[in-house]
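J.: Questions regarding the structure given below will be posed in turn.
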Amino acid sequence: METEKKMTAEQMTDRDLSEQIKKVTKDSHVRAENTKMMLSFQRGQVTLPQYKLLLCSLYEIYQALEEALDRNSNHPAVAPIYFPAELARLQSIEKDLEFFYGPDWREKLVVPAATERYCHRLRQIGKENPEFLLAHAYTRYLGDLSGGQVLGRIAQKSMGLKSDEGLTFFAFPGVSSPNLFKQLYRSRMNSVELTEEEMNGVLEEAVRAFEFNIQVFDDLEKMLSVPENKQQRSSGSKSVQDRTLQIPAGISPLLRMVLGLFVALITVTMGIYVL
Ligand code: HEM
């Protein structure tokens, strides 16, 4: 919070990363806002199953993002935008998951394939191109500090929650003014020295980051067309593709083979349906 107060208003130029990143992701932002899931939020129609499923994916995403940021906290492209005390979301999401799913929430996590792909990318760049974390941290954290603030209030009403319980994800107690903090964040982004090639890489990665988010929302919507009790039957955090039907033991080999073929057929059909 101290840093927010000390910040001086800096003049941004068109060549600054913060300006360029906003420009190149403008269309992607419109597409993200217009996904079925985000429209449900904006129209005050977000349902509990929708929100619970979204939280599961956010947990995986922030775990991957924040692990990568922590691991690279001294990297010259990460250090200036490393604000764990103000921005870290993982613990808030854990609290919300416990509120909605109970103490054994970890066993109930359901994660679509698009979320797995997003997390895989985050882990990969954490190891290979830490400067691209600038793009991912920007996309998630500045989004959470912008539209996310309104969405939290709408979600509370839509789901009929009496208090802020279950909505810790949207609260940033370490940020007294989201607007001031965003200004500070942008100036920190602009202070990172990048070659032209790195700058282009970061801009491309930002568009990719939005694309990952859009795919996650779309995948979650597809999963929601599968009844919730079926989604929660899995144990541990599994992707939809990991879930298969089991043939009971103790039946004759021939019957087992016939059943095996039948089960394989159903599994493939289910796979096509949820994807
Ligand atoms: C219902 C959906 C959404 C709404 C209504 C919304 C709304 C907004 C608004 C009003 C701003 C501008 C705030 C300002 O200029 O101070 C903003 C900024 C931003 N949003 Fe969203 N947003 C939505 C979804 C998303 C999603 C899904 C993402 C990314 C995953 C995202 C990422 C961002 C980012 C990175 C910014 C900062 C832009 C900048 O100043 O450079 N938003 N959003």
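The values are calculated or read from the model by the stated rules, or taken from the named source; none is laboratory data. Model, not experiment: these values are computed from the prediction. Counting neighbours? That spans all protein chains shown, and the Cβs are built from the backbone with ideal geometry, glycine included.
J.: Of the residues Arg186, Arg208, Arg153, which is of a type in the set (D, E, K, R), near the ligand (Cβ under 10 Å from one of its atoms) and in the same structural domain as Gln91 (by TED's automatic domain parsing)? Give the derivation first.
T.: On the way: Arg208 fails: near the ligand (Cβ under 10 Å from one of its atoms); Arg153 fails: near the ligand (Cβ under 10 Å from one of its atoms).
The conditions single out Arg186.
J.: When residues of region 192-229 are filtered for being assigned to a helix (DSSP H, G or I) and more than 30 Å from Thr47 (Cα to Cα), how many remain? Show your work before the answer.
T.: Residues of region 192-229 assigned to a helix (DSSP H, G or I): 196-224, 228-229.
If we keep only those that are more than 30 Å from Thr47 (Cα to Cα) too, we end up with 196-205.
Of the residues in that region, 10 qualify.
J.: From Glu19, Glu4, grab the single residue that is modelled with pLDDT of 95 or more, in a helix (DSSP H, G or I), of a type outside the set (A, V, I, L, M, F, W, C) and more than 15 Å from Ala155 (Cα to Cα). Show your work before the answer.
T.: Values: Glu4 fails: modelled with pLDDT of 95 or more.
Within the list Glu19, Glu4, the selection yields Glu19.
J.: Now a separate question. Any residue in region 129-151 that's at pLDDT below 95: show its pairings with residues that are within 6 Å of the ligand (Cβ to nearest atom) and in a helix (DSSP H, G or I) at Cβ separation under 7 Å, as long as the two are six or more apart or on different chains.
T.: Leu151/Phe41
J.: Tally time: how many residues in region 155-191 are touching a Gly at 6+ places or on another chain (Cβ under 7 Å), surrounded by 17 or more Cβ atoms within 10 Å (Cβ to Cβ) and outside any loop (DSSP other than H, G, I, E, B)?
T.: Applying the first criterion (touching a Gly at 6+ places or on another chain (Cβ under 7 Å)) to region 155-191 yields 157-158, 167, 170.
Then drop every residue that is not surrounded by 17 or more Cβ atoms within 10 Å (Cβ to Cβ), which leaves 158, 167, 170.
Applying the additional criterion that residues be outside any loop (DSSP other than H, G, I, E, B) yields 158, 170.
So the count comes out to 2.
J.: All but one of (1) within 15 Å of the ligand (Cβ to nearest atom); (2) farther than 21 Å from Asn129 by Cα; (3) of a type in the set (D, E, K, R); (4) touching a residue at least 24 places away in the same chain (Cβ under 8 Å) hold for Glu60; which doesn't?
T.: The single condition Glu60 does not satisfy is (2).
J.: Among Leu134, Leu145, which is surrounded by 21 or more Cβ atoms within 10 Å (Cβ to Cβ) and within 16 Å of the ligand (Cβ to nearest atom)? Can you show your working first?
T.: Numbers: Leu145 fails: surrounded by 21 or more Cβ atoms within 10 Å (Cβ to Cβ).
Matching residue, one of Leu134, Leu145: Leu134.
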